[in-house]
1. Which of the residues belonging to region A:132-169 are closer than 25 Å to A:V221 by Cβ, in a helix (DSSP H, G or I) and without any contact (Cβ under 8 Å) to a residue 60 or more places away in the chain?
2. Taking the conditions exactly as written (of a type in the set (A, V, I, L, M) and farther than 16 Å from A:T123 by Cα), does A:V191 satisfy them or not?
3. Name the residues in region A:51-85 that are more than 10 Å from chain B (Cβ to nearest Cβ) and either under 18 Å from A:S100 (Cβ atoms) or buried (at least 20 other Cβ atoms within 10 Å of the Cβ) (or both), would you?
4. Answer yes or no: is there a residue in region A:30-44 that is more than 24 Å from B:M1 (Cα to Cα), more than 7 Å from chain B (Cβ to nearest Cβ) and open to solvent by 50 Å² or more (accessible area, probe 1.4 Å).
5. Could you list, in sequence order, the residues of region A:27-40 that are away from DNA strand D (no atom under 11 Å from the Cβ) and closer than 18 Å to A:P61 by Cβ?
6. Being open to solvent by 60 Å² or more (accessible area, probe 1.4 Å), within 14 Å of chain A (Cβ to nearest Cβ) and among the polar types (S, T, N, Q) is the filter here, so list the residues in region B:179-226 that pass it.
7. For region B:1-28, how many residues are within 17 Å of A:E47 (Cβ to Cβ) and out of contact with any Ser or Thr (no Cβ under 8 Å at 6 or more places or on another chain)?
8. Quick one: count up the residues across region A:188-215 that are over 14 Å from A:G109 (Cβ atoms) and of a type in the set (S, T, N, Q).
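The values are calculated or read from the model by the stated rules, or taken from the named source; none is laboratory data. Remember, it's a predicted structure, so these values are computed and weren't measured experimentally. Glycine gets a Cβ as well: all are built from the backbone with ideal geometry, and neighbour counts include every protein chain shown. We work out accessible area using only protein heavy atoms, side chains counted, and drop any ligands, DNA or RNA first. Shrake-Rupley method; radii C 1.70, N 1.55, O 1.52, S 1.80 Å.
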Number of protein chains: 2
Amino acid sequence: MSILSSAVDVLRCFSSTRHDVTVTDLVTLLGMPKSNASRLLRAMRDEGLLETVGESKRYRPSLLLNQVGHLYRFAASLIDRADAIVGRVSDQIGHTGYISVRRGNEIVGVTAHPGRHALRVVTSIGDRIPAFASSTGRALLARLSDEEVRALYPAGFTPPSATAPQDMDELLARLAIVRRAGFAESHDEAVHGVRAISVAVGDPTTGDEVALCLSFPAATVEPAERLAIIRSLGQGAAEIAALIQDKRFIPLNLSIAETAP
Amino acid sequence: MSILSSAVDVLRCFSSTRHDVTVTDLVTLLGMPKSNASRLLRAMRDEGLLETVGESKRYRPSLLLNQVGHLYRFAASLIDRADAIVGRVSDQIGHTGYISVRRGNEIVGVTAHPGRHALRVVTSIGDRIPAFASSTGRALLARLSDEEVRALYPAGFTPPSATAPQDMDELLARLAIVRRAGFAESHDEAVHGVRAISVAVGDPTTGDEVALCLSFPAATVEPAERLAIIRSLGQGAAEIAALIQDKRFIPLNLSIAETAP
DNA sequence: CCTTTAAGTTCCATTAAATGGAACTGAAGT
DNA sequence: ACTTCAGTTCCATTTAATGGAACTTAAAGG
């Protein structure tokens with residue numbers, strides 16, 4: 001195996017709950033000999049991928065990674081555009097907004113705008129959640145054909161809550177609604193008491209696809225405000241879709257939004 | 001040379017003006033054989049460091065790098081704390097705020113909060129500017145001894161503008177003022193018409209040091225508002241310094257702020 | 001203070017991967 | 001159909017990575 005692969009394994013060890021690693025962390029997490037772990041961490045630091053934390057033996061991601069990672073949103077300029085829209089809507093409504101991408105059958109948050117309200121939904125960038133059981137996920141899955149969706153779940157899936165799709169048939173039925181409505185909605189799925197509304201848009205030239213989402217406590221949002229969120233997100237996404245000529249974009253169908261709960 | 005070193009060279013090719021690279025880019029930028037460039041980019045993509053842009057032969061940083069890079073601010077929790085303070089002050093004052101770190105004799109922006117005013121200072125994350133010719137840089141340099149500062153400039157420096165320090169003696173004289181005043185100030189140095197005010201704080205346990213900065217158009221800020229900025233930044237930094245027991249922190253001396261222009 | 005254990009580093013022969021020149025493929029323009 | 005340029009694959013050579021064990025350091029226990 002290439003040292004590159006080991007280096008990436010090290011990077012994958014970092015998470016929102018593990019901000020730095022030591023030689024023994026690598027030995028236990030990756031099962032590598034400590035001689036390797038020791039040299040690898042030092043090499044990565046010498047090359048500038050990692051930094052040592054003060055004088056300790058702890059290693060954390062470097063400023064270089066921070067800067068290069070920061071470029072991602074510009075390299076994938078769709079993300080930057082979508083983030084601007086979500087930021088605007090989040091500011092206007094006051095609830096938490098974020099944008100997510102799909103990797104296989106999982107959804108990863110990329111940027112977030114915390115809401116202004118005391119009771120707000122907190123999202124953590126970089127965490128992975130199942131695509132089928134979230135509004136962002138279904139907004140993105142709705143851009144695929146039923147066959148492609150089935151292919152993502154060769155072994156089916158286990159619903160995390162009663163309001164999530166319970167099986168493939170229910171998922172496909174809900175995706176069909178998303179395709180007609182132009183937005184996806186969730187209620188009590190990942191987090192109890194939380195609703196979320198998402199729309200998806202994609203860039204045909206790069207193949208990138210993102211979901212724009214607003215998430216809020218179910219109890220505090222009146223039907224009129226819910227419609228306002230749907231309208232704002234839908235219009236914002238439509239602007240992007242027009243700009244980048246996303247032919248698969250599903251325009252909003254407000255009459256469905258009004259009848260649905 | 002290790003492939004790790006080449007991979008990092010590739011990452012360093014990315015910048016705010018180069019969001020993706022091709023095989024030939026690497027050949028010209030790094031002078032490597034194209035056989036290497038081709039395999040290296042593919043290997044980095046296969047390992048998850050890079051992504052291909054759609055179906056093209058262009059490579060950009062990956063989502064993984066975005067996520068790991070994002071952790072930097074939490075791993076270096078001083079940055080997160082400082083960012084919260086600057087965000088609060090920026091919101092309150094309405095002008096652009098950002099935080100920076102020093103790498104050798106250069107300053108790198110890490111996070112930014114754009115101001116609300118129509119005429120606002122725009123900062124670009126990740127760009128490097130000379131430490132001696134910026135308020136953030138001098139706030140950080142003031143934490144070093146004169147000998148350490150001299151050691152950073154073995155060959156002296158070239159002032160970028162008339163209001164920047166013109167030579168080492170002037171720089172040291174201005175750092176001495178920063179050490180008494182507890183804040184650093186710039187005017188027309190990097191950008192004409194722009195003033196900036198910075199304070200620095202450091203974490204003794206990790207060795208991290210950051211500068212908190214507010215930057216604004218010189219023409220639109222009255223003396224009273226300037227004092228308010230200095231007070232807010234100084235108090236915010238003092239909170240952090242107390243929390244993390246930064247013994248080298250320089251408390252604000254408002255009487256100097258009032259006499260200086 | 002000395003002992004014990006854990007954590008990290010260095011050494012070395014073995015094994016595996018990276019290198020660069022050149023030949024090859026494929027696509028874009030003339 | 002020809003030319004040109006970008007990118008990929010091949011192969012023998014060179015170079016680096018590997019993992020076991022010995023060694024050094026640092027913290028915990030008596």
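1. Selection gives A:L141 alone.
2. No: the conditions fail for A:V191.
3. Our first condition is that a residue be more than 10 Å from chain B (Cβ to nearest Cβ); within region A:51-85, this holds for A:57, A:78, A:80-85.
Correct list: A:L78, A:D80, A:R81, A:A82, A:D83, A:A84, A:I85.
4. Yes; the residues of region A:30-44 include at least one that is more than 24 Å from B:M1 (Cα to Cα), more than 7 Å from chain B (Cβ to nearest Cβ) and open to solvent by 50 Å² or more (accessible area, probe 1.4 Å).
5. Within region A:27-40, just A:L29 meets the criteria.
6. Scanning region B:179-226 gives a single hit, B:T205.
7. First pass over region B:1-28, keeping only residues within 17 Å of A:E47 (Cβ to Cβ): B:1-14, B:26.
When the remaining residues are screened for being out of contact with any Ser or Thr (no Cβ under 8 Å at 6 or more places or on another chain), the result is B:1-2, B:4-14, B:26.
Qualifying residue count, region B:1-28: 14.
8. Residues meeting the conditions: 2.
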